[in-house]
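Notes follow once the structure below has been shown.
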Amino acid sequence: MFRLFRSKPALPTPAPGAAAGYSSELIDPRVMEQIGYLDLLSRTIVDGLLAGRHRSTTRGGCCEFAQHRQYAPGDEIRQIDWQVFARNDKYFIKQFEEETNLHAIMALDTSGSMKFGLSTISKLDYARQAAACMARMLLRQRDAVGTAILNEQAPLFLPPKQNAAHLQAILSTLQTAKPSSGGSLSMQIRSMVPRMRRRGLFVLFSDCFGDLDELSTALRIVRARGHDVVVMHVLAPEEIHFNFRHWSSFQSLEVAGQRMNLDPAAIRDDYLKRIRSFVEKLENIVTGLGGDYVRMTTSRDLAETLGWFLRQRAARIS
């Protein structure tokens, strides 16, 4: 079925200089200046050993006490709490939590609909910049970052690494990613889940157009593996407001050669109702599984959007 919100209007033509003000570089120094002092913390328990900012499942004897559990064959005797044994005549093991580094994956949707950009830069370019800035911030706070390019024809997976030199590999991967037609976003997410070997943070940059029930299943699989889920929902202003005034030709970015001519005024009310329902359903899916939903509009300043998200997340975790 032809989806209007997956279409690229051929008319009117983009305004000259619409993309002005956006750096050709993925990391905008102005954005980093405004978000550089903020932290991105994990809301869930992560796996790791390096001392950092996040709670870990790694147990030891030198960090914050977590709980006792009954001794089981195979446990190290040195971990027995002898004071508890003296009181109860039973063996219990001390468990501790330590702060650790985070493993994060920036997952970029490169489906055809992400090419759309009329009055602003494309959704794909906006998502690239957002993913690059977040990767830079995570590396600054000594976390490991990797990248997944969700693409039907040429998927890519760059494993998380913590060293600063890894940033160039991340930027190169994001920059070379090309949009493709067709494919299932949910299947691409599910295929990369086994490669995320340590529990951490999964950040999806996508317009999420497609079957939301299938996407919900894929995100629940990610969440069931213990990963913290963030969905950066990238939309263009025309997709939200549908503010076309004249007869226009709409061309599908997913199916080659599919085009229709119509009067926007005749369908505007129905379209706006459907897009609102779509956005609301997606938000409920993400928040329902304990994740963060962030709507990113390509006309909005990236520093403002990322800053708002980071401050809101920090307030909920603290």
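Observations
- All of (1) at pLDDT 95 or above; (2) surrounded by 15 or more Cβ atoms within 10 Å (Cβ to Cβ) hold for ASP213 with one exception: (2).
- Region 213-318 holds strands (runs of 3 or more DSSP E) entirely within its bounds, and those carrying 1 or more residues that are touching a residue at least 60 places away in the same chain (Cβ under 8 Å), within 18 Å of LYS123 (Cβ to Cβ) and in contact with a Gly (Cβ under 9 Å, 6 or more places away or on another chain) map to 228-235, 248-252.
- If you go through region 192-220 and keep only what is within 16 Å of the chain's Cα centre (by Cα) and among the small types (Gly, Ala, Ser), you end up with GLY200, SER206, SER216, ALA218.
- Scanning region 156-204 for residues that are hydroxyl-bearing (Ser, Thr, Tyr) and at pLDDT below 90 yields SER180, SER181.
- Checked against (1) in a helix (DSSP H, G or I); (2) closer than 27 Å to GLY210 by Cβ; (3) without any contact (Cβ under 8 Å) to a residue 40 or more places away in the chain, SER172 passes all but condition (2).
- Matching option when the condition is touching a Lys or Arg at 6+ places or on another chain (Cβ under 7 Å), of a type outside the set (Ser, Thr, Tyr) and either surrounded by fewer than 17 Cβ atoms within 10 Å (Cβ to Cβ) or on the phi < 0 side of the Ramachandran plot (or both), among GLU254, GLU239, GLU304, GLU283: GLU254
The values are calculated or read from the model by the stated rules, or taken from the named source; none is laboratory data. As the structure is a computational prediction, the values presented were derived from the model and not from experiment. Neighbour counts run over all protein chains shown; Cβ positions are idealised from the backbone, glycine included.
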